[in-house]
1. Scanning the range 195-229 for residues that are closer than 23 Å to F347 by Cβ, hydrophobic (A, V, I, L, M, F, W, C) and at pLDDT below 95, which turns out surrounded by the most Cβ atoms within 10 Å (Cβ to Cβ)?
2. Looking only at the range 71-92, which residues are within 19 Å of S59 (Cβ to Cβ) and either charged (D, E, K, R) or not in a loop (DSSP other than H, G, I, E, B) (or both)?
3. Any idea how many residues of the range 180-204 are out of contact with any helix residue (DSSP H, G or I) (no Cβ under 8 Å at 6 or more places or on another chain) and in a helix (DSSP H, G or I)?
Amino acid sequence: MSTVGYGESIGSPPSFEQARNLRQKVRAAGLDPNYWYPAEWDVNLKRGQVIDISFWKRSIALFRGEDGSVHAIENRCAHRQLKLTVGHVEGCKLVCPYHGWKYDGQGRVVEISHTLFGRDMPNFRVASFPVAVRYGMIWIFPGDAELASSREIPEIPELEGADRWAAVPVDFTWRAHHSMIIDNVSDFTHAYLHRKFAPFSDAELTGFETRGDDVHLSYDTKVGRGRISGLFVDRSQVNTNHMDLCYQYPYQWSNTDDQIKHWLFLRPIDEQHTRAFFIFYFKSLKIPFLPLAIPRPVMQFVMKIAKQTLVRPLLKEDGIAVEAEQEGYDRHYDAPLAELNPVVRAFQQVTVRKWEAFLAHQADKQASRTA
């Protein structure tokens with residue numbers, strides 16, 4: 001492709017099939033829908049409420065029945081294709097606002113209030129998706145429902161039970177491809193971006209390895225040395241000079257001395273938009289200026305303050321960066337590659353390989369249906 005001006009590319013970024021290099025491919029790749037993905041925080045969906053969520057350009061109606069049950073069905077009426085999210089919930093059914101057709105949680109039309117013109121009740125339906133609630137999140141399985149039982153939501157024992165750790169849940173919708181966010185959260189060479197908060201510094205990549213669909217990596221780095229955050233970490237009990245991370249496709253996590261951890265769960269909306277759900281959790285923190293741990297009942301209160309004063313402002317910096325990167329890629333997608341961190345290439349290779357495998361599987365299924 002030719003360029004104009006100051007290296008600005010002509011046209012739009014290439015599709016996955018048109019891409020000519022790894023960067024172009026990864027920026028057009030989706031995520032395999034045959035995994036569990038976060039739809040929304042559980043507390044944000046009230047009884048009798050329906051909301052519109054998207055997974056890779058597919059609109060889904062997520063609704064909670066009056067009995068508290070949660071359902072996810074394709075967001076269109078089988079009749080005139082209206083979005084069902086402009087309708088309402090009645091009992092445990094989702095009602096289309098046009099003709100009042102009512103859908104159950106399996107996507108079946110179970111009631112039509114107007115005349116059927118002498119016909120029997122028709123067998124109309126739209127797709128439905130498996131749903132689960134865990135770690136305060138509603139999860140959906142947007143792929144082949146028959147595979148849902150063989151794919152597990154990640155196990156996070158620290159977030160369950162009476163002794164669960166204090167946690168900070170936070171989310172953003174960013175105008176950025178999901179691969180840009182994975183690159184960002186696991187590439188610690190961007191400490192300069194966070195020089196105000198200093199969540200990490202002086203990072204040296206000590207090793208990385210791709211094992212199947214996972215990329216494991218480690219940094220020697222100074223963690224949590226910020227002017228405020230550093231007061232809460234007991235360095236006599238926690239080694240904050242090292243961090244392990246993993247791109248556990250399609251999720252991402254980090255671990256600092258089994259004391260400070262986080263998970264990142266992404267829901268790709270389309271090639272340029274992603275919903276990012278973070279959970280940061282801590283085994284313990286100390287009272288500033290004292291060698292005493294914060295009592296467990298107080299920890300969650302401290303987390304609420306930290307979310308607004310530290311975690312959210314810190315992650316907003318990442319959001320500004322990845323959104324600017326998306327804008328830059330849209331204009332300069334054909335520019336020469338300039339990447340130094342080898343682990344970023346490893347992330348991208350996994351994402352591209354998994355998307356190629358999914359597309360090939362879909363093509364095989366289509367061929368078998370038409371044979």
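The values are calculated or read from the model by the stated rules, or taken from the named source; none is laboratory data. For clarity, every value in this text was computed on a predicted model and none was experimentally measured. So basically every Cβ, Gly included, is an ideal-geometry build from the backbone, and we count neighbours across all protein chains shown.
1. The selected residue is V223.
2. Residues of the range 71-92 within 19 Å of S59 (Cβ to Cβ): 71-89.
The answer is H71, A72, I73, E74, R76, R80, K83, L84, T85, V86, H88, V89.
3. So the answer is 4.
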